[in-house]
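Down below is the structure, laid out as structure tokens.
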Amino acid sequence: MLDWKYYKLTSDLYPRSKPSICAGTQDGKTQIHIAWLGGPDKLMVLEHVVNGSNPPQQEWRLARLAQPAPSGAGVVLTSPIVIRQNGKLALYTDILERKGMSVGRHGFIWDSHGREVRYDFNNRMWEKYLAALEEVRTALAGKQTTMPGASGNCKQCVWYSYCDGELLKNDDLTLVRELGVTKRNEMYPHIKTVAELASANIDQFKSGKRTVFRGLGWDTLVKLQERAKRFNAKTPPSLTEPIKLPVNRRELFFDIEDDTFSGVCYLHGFVERMNHDNSTERYVSFIANTPNAKDEEQAFREAWEFLANATDAVVYYYSHHERTTYIKLSAKYPTVCSEADVKKLFDSDRTIDLLKIVGRSEWPTRDTSIKTLAKFAGFRWRDPHPSGAASMEWFRQWVDGGSVDAKNRILDYNEDDCRATRVVLDEIRKMSSRL
Ligand code: SF4
């Protein structure tokens, strides 16, 4: 939560012409945390002497470092306001303005390619920021109850453990997959928990094809109630419609690792299984030894040749990320393959995005990420803290410091991701046989 001593430490720095303020440390000595603002930012202070202004006017440049910032900025509100990067930049701009040191209502954000993007606050955005600020003040004064809401951003957020505990303790409606904060807030005056939704007589909320809840159709409410019931009763997963899966004797489960900030794809992994027999499994990987283009291309070339030659295999992957990344790689390295080649492979009957199949099933889980579903099916990753973000960090440790342990961790994690895809496929096959 907000700690004014950090604000003061940050605030004290910039009049003394420090060129930048970084979450973590300043000059390697002084602890200057601005974590209360929600993320690992770097503030670049640029001074302008306008008409001999004293103190000089300044603007702050906000650099994104290491990981995306959370949406909640540490204080979570019941109303559907979203305080993302622009909210933080508005806050910094406001601070300069109140100190009479601002050149205007704008700042800069560095994007994932290191480009500076100017951000101008028009009146509407500024009013939104002021409304959000007021809500934060009200919450901090204890005049308004705050509550978290599960979203796709939560797992990367520094508040995740705390919020997750609150969500579970409160049996919060956002635990129901795809219910979301906006719908939760609409329903909240009438239905507060998953258990209440599961047992509610929802006919009372029907209004023609819609419901009394703004933006919520009747069919969606029926579906969400079914999910709430399944979630509560831990009903086994089932298909919502029949599916037909290929029966090739050779299967490949495919997953890549890439750095979302630099855009480098450093690992292509495959678990191969024969005759649906897990004892035949073997892991094949193609890894770039450095983030340099030459090594990235080499790993891509080897992986592409492996895939293109596996004409007898059915290839499973999870979500569109692999297809999208391969299209980008083909544009970067056209001597390996063309975009048309990639599309032909990924759009063929022997290449299957398992997430699309999962979309035709219902699970008693909060989301349908590969980690959630494979864990539900009993699978465990060998690494105690598996995540794509951790994999990026291990890659850096390996290429920068030569840590072989870090390299092995990446490979184990990727192999387990591939194997988790197989576990989910087998669960779907079981569901299919029960239809
Ligand atoms: S964990 Fe989720 S709900 Fe909590 S502050 Fe972060 S983004 Fe918001």
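Find all pairs meeting these conditions: Cβ atoms under 9 angstrom apart; at least six residues apart or on different chains; first residue within segment 128-155 and touching a residue at least 12 places away in the same chain (Cβ under 8 Å) and over 21 Å from ASP172 (Cα atoms); second residue charged (D, E, K, R) and surrounded by 14 or more Cβ atoms within 10 Å (Cβ to Cβ).
The qualifying pairs are TYR129/ASP94; LEU133/ASP94.
Inside segment 155-168, can you point out the residues that are at pLDDT 85 or above and near the ligand (Cβ under 6 Å from one of its atoms)?
TYR160, CYS163
Here is a yes/no grid of residues against (1) more than 14 Å from the ligand (Cβ to nearest atom); (2) under 26 Å from the mean Cα position of the chain (by Cα); (3) over 22 Å from TRP363 (Cβ atoms):
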{"residue": "GLU134", "(1), (2), (3)": "yes, no, yes"}
{"residue": "ASP171", "(1), (2), (3)": "yes, yes, no"}
{"residue": "GLU178", "(1), (2), (3)": "yes, yes, no"}
{"residue": "GLU186", "(1), (2), (3)": "yes, yes, yes"}
{"residue": "ASN201", "(1), (2), (3)": "yes, no, yes"}
{"residue": "ARG230", "(1), (2), (3)": "yes, yes, no"}
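Anything in segment 237-284 that is among the polar types (S, T, N, Q) and under 20 Å from the mean Cα position of the chain (by Cα)? List them, or say none.
THR260, SER262
What is the one condition in (1) away from the ligand (no atom under 15 Å from the Cβ); (2) modelled with pLDDT of 95 or more; (3) surrounded by 15 or more Cβ atoms within 10 Å (Cβ to Cβ); (4) of a type outside the set (Asp, Glu) that HIS190 does not satisfy?
(3)
Those residues that are exposed (fewer than 14 other Cβ atoms within 10 Å of the Cβ), over 18 Å from GLU251 (Cα atoms) and touching a residue at least 12 places away in the same chain (Cβ under 8 Å), I need them from segment 336-378; list them, please.
Within segment 336-378, ARG360, GLY378 qualify.
What about THR174, is it at negative phi and either assigned by TED's automatic domain parsing to the domain that holds ASP426 or in contact with a Lys or Arg (Cβ under 9 Å, 6 or more places away or on another chain) (or both)?
yes
Pick from ILE256, ILE243: which is under 30 Å from THR365 (Cβ atoms), in contact with a His (Cβ under 6 Å, 6 or more places away or on another chain) and either modelled with pLDDT under 95 or in a strand (DSSP E or B) (or both)?
ILE256
Taking segment 372-411, which residues are among the charged types (D, E, K, R), under 30 Å from LYS234 (Cβ atoms) and assigned to a helix (DSSP H, G or I)?
Within segment 372-411, just LYS375 meets the criteria.
The values are calculated or read from the model by the stated rules, or taken from the named source; none is laboratory data. Note that this is a predicted model, so its numbers are computed, not measured. Note that we place each Cβ from the backbone using ideal geometry, even for glycine, and neighbour counts take in every protein chain shown.
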